[in-house]
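What follows is one structure encoded as structure tokens, with my remarks underneath.
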Amino acid sequence: MPPQAKSIASYFKPTTTAVANAASTASTANGATTSTTSTPEKRKSTLSEAAKRAIQEGAAEAAAVNRDNGDHESGEPSAKKQKTNTNTSPSSTKVADIFLKSPAKNALSTSSTLSSPSKLPIMRSKTREELRQKISENPKWINKLDLELNTIGEDWLLALQDELTKPYFLNLKEFVTNEQKTKKVFPPAEDIYSWSRLCPLKDIRVVIIGQDPYHDDGQAHGLAFSVRKGVRIPPSLRNMYKEMHDEIPEFVIPKHGDLTEWAKHGVLLLNTSLTVRAHEAGSHANKGWDTFTAAVLKVVTSRLSPGPSIGSSTNDKVPGGNGVVFMAWGAHAAKMCAGVDQRKHLILKSAHPSPLSASRGFLGNNHFKKANEWLKVKYGPEGGIDWKALGAGKD
């Protein structure tokens with residue numbers, strides 16, 4: 001099975017993928033027809049017809065999507081091939097795959113069958129404390145997920161609860177925890193998920209995608225492109241301020257680089273890697289963070305798409321149900337958005353605001369204006385972001 005098809009099947013049906021992999025390995029190792037008739041025959045008795053169909057449909061859909069991907073991302077196919085060749089990386093899965101299939105309703109319970117010795121199903125929790133209690137039944141989980149249970153905003157925590165117990169995320173947490181014990185890691189642990197506390201899921205109107213947290217002392221605090229007050233404004237953020245001022249003259253450029261107010265006004269500032277080793281850019285890439293942040297984007301597009309929210313017991317639509325604007329600056333951000341449904345959401349792409357590329361398409365892109373024009377159509381005259389209010393004020 002091709003890597004992409006395998007990754008899709010594993011996302012929405014982890015247990016069936018494990019069986020398929022085992023059968024495939026046995027067949028390859030023995031190289032004889034007898035192995036394919038003995039081992040798989042034993043496996044067939046454990047799979048329902050629905051499960052078999054799910055794997056076949058996932059593989060077929062993945063193959064179709066892979067054929068089409070070249071049309072969506074100009075210049076990206078070679079990068080994607082390199083990504084899938086890193087077989088040992090948990091993030092070798094193409095991030096756009098996560099948009100193709102909705103996760104199983106009870107993904108957390110599926111994870112539990114793989115990881116929990118008791119193999120007891122865990123139903124979706126409705127509160128932080130309920131989730132904490134259920135996760136604490138597995139000592140391996142609770143030891144690794146204490147930070148998430150305590151610091152992720154509750155609406156995000158409940159929306160992402162299935163993701164937290166997947167093997168890739170537990171492995172990622174083990175890696176990050178070991179790094180924190182032996183090296184300096186940014187941002188501080190309590191700020192890794194600050195984006196989730198400052199920007200409630202229901203309020204999101206705009207998503208700005210970054211890559212790595214800043215890796216110098218005192219800079220990163222959990223929001224992409226943002227630094228704490230008192231820290232020198234990074235060059236990329238200076239160009240963002242310049243572009244906003246050119247588009248919206250009423251926006252007064254602040255003397256600091258803290259974008260907390262942006263987050264509070266519905267702008268999700270999300271890096272695709274949420275941690276980094278001090279002074280080593282990209283040091284925590286390809287460890288699993290991009291799979292997790294792709295799941296965050298999936299939650300945004302699913303939770304805010306027309307219809308009831310995930311886990312809602314009523315037919316009430318979630319505020320923000322008419323879609324969101326994605327600002328994808330640079331090839332990396334564009335790749336993260338590759339699977340977003342452009343019929344429901346707006347994707348604005350340009351060069352990155354870094355001084356190395358800002359003059360090649362970022363400056364003059366008018367993204368802040370375009371975002372508001374689209375949001376006002378979707379949500380009415382008051383539906384845009386009041387960008388000028390996010391300028392210089394209380395410094």
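Things worth noting here:
- The residue that is farthest from Leu259 (Cα to Cα), among those in segment 364-387 that are under 25 Å from the mean Cα position of the chain (by Cα) and basic (Lys, Arg), is Lys378.
- Taking first residues from segment 244-262 that are open to solvent by 20 Å² or more (accessible area, probe 1.4 Å) and partners that are modelled with pLDDT under 95 and assigned to a helix (DSSP H, G or I), the Cβ contacts under 8 Å between residues at least 6 apart in sequence or on separate chains come to Ile248/Trp387; Ile248/Lys388; Glu250/Lys388; Val252/Lys388; Glu261/Ala389; Glu261/Leu390.
- Lone unmet requirement of (1) of a type in the set (D, E, K, R); (2) at pLDDT 95 or above; (3) touching a Pro at 6+ places or on another chain (Cβ under 7 Å) for Glu179: (3)
- Residue list for segment 348-395, restricted to those being open to solvent by less than 50 Å² (accessible area, probe 1.4 Å), in a strand (DSSP E or B) and out of contact with any His (no Cβ under 6 Å at 6 or more places or on another chain): Ser350
- Scanning segment 157-187 for residues that are closer than 28 Å to Lys202 by Cβ and of a type in the set (Lys, Arg) yields Lys166, Lys173.
- In segment 124-138, the residues that are at pLDDT 90 or above reach residues that are open to solvent by 60 Å² or more (accessible area, probe 1.4 Å) and of a type outside the set (Lys, Arg) with C-beta atoms within less than 7 angstrom, at least six apart or across chains, in these pairs: Arg128/Glu154.
- Among the conditions (1) in contact (Cβ under 8 Å) with a residue 24 or more places away in the chain; (2) at positive phi, Gly218 misses just one, which is (1).
- Residues within segment 321-360 that are among the basic types (Lys, Arg) and more than 26 Å from Gly383 (Cβ to Cβ), tallied: 2
- Meets criteria (touching a Ser or Thr at 6+ places or on another chain (Cβ under 8 Å), at pLDDT 95 or above and not β-branched (Val, Ile, Thr)) for His245: no
- If you go through segment 230-243 and keep only what is surrounded by 16 or more Cβ atoms within 10 Å (Cβ to Cβ) and in contact (Cβ under 8 Å) with a residue 60 or more places away in the chain, you end up with Ser236, Leu237, Asn239, Met240, Glu243.
- Test set (1) of a type in the set (Ser, Thr, Tyr); (2) open to solvent by 50 Å² or more (accessible area, probe 1.4 Å); (3) in contact with a helix residue (DSSP H, G or I) (Cβ under 9 Å, 6 or more places away or on another chain) - Thr182 fails condition number: (3)
- In the set (1) surrounded by fewer than 20 Cβ atoms within 10 Å (Cβ to Cβ); (2) without any contact (Cβ under 8 Å) to a residue 60 or more places away in the chain, the condition left unmet by Gln161 is number (1).
- Residue match in segment 325-347 (condition: open to solvent by 40 Å² or more (accessible area, probe 1.4 Å), touching an Asp or Glu at 6+ places or on another chain (Cβ under 8 Å) and either of a type in the set (D, E, K, R) or modelled with pLDDT under 90 (or both)): no
- Top-ranked residue of segment 255-308 - restricted to ones that are in a strand (DSSP E or B) and in contact with a Lys or Arg (Cβ under 8 Å, 6 or more places away or on another chain), ranked as nearest to Leu223 (Cα to Cα): Val267
- Those residues of segment 153-169 which are hydroxyl-bearing (Ser, Thr, Tyr) and assigned to a helix (DSSP H, G or I), in sequence order: Tyr168
Each row is one residue, and each column tells you yes or no for (1) part of a helix (DSSP H, G or I); (2) aliphatic (A, V, I, L, M); (3) within 30 Å of Trp374 (Cα to Cα).
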position: Phe175; (1), (2), (3): yes, no, no
position: Lys181; (1), (2), (3): yes, no, no
position: Lys202; (1), (2), (3): yes, no, yes
position: Ile208; (1), (2), (3): no, yes, yes
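- Whichever residue in segment 185-229 is among the basic types (Lys, Arg) and under 12 Å from Asp258 (Cα atoms) and, among such residues, is surrounded by the most Cβ atoms within 10 Å (Cβ to Cβ): Arg228
The values are calculated or read from the model by the stated rules, or taken from the named source; none is laboratory data. All of these numbers come straight from a predicted model, not from anything done at the bench. Counting neighbours? That spans all protein chains shown, and the Cβs are built from the backbone with ideal geometry, glycine included. These area figures cover heavy atoms from the full protein model, side chains too; ligands, DNA and RNA do not enter into them. Shrake-Rupley method; radii C 1.70, N 1.55, O 1.52, S 1.80 Å.
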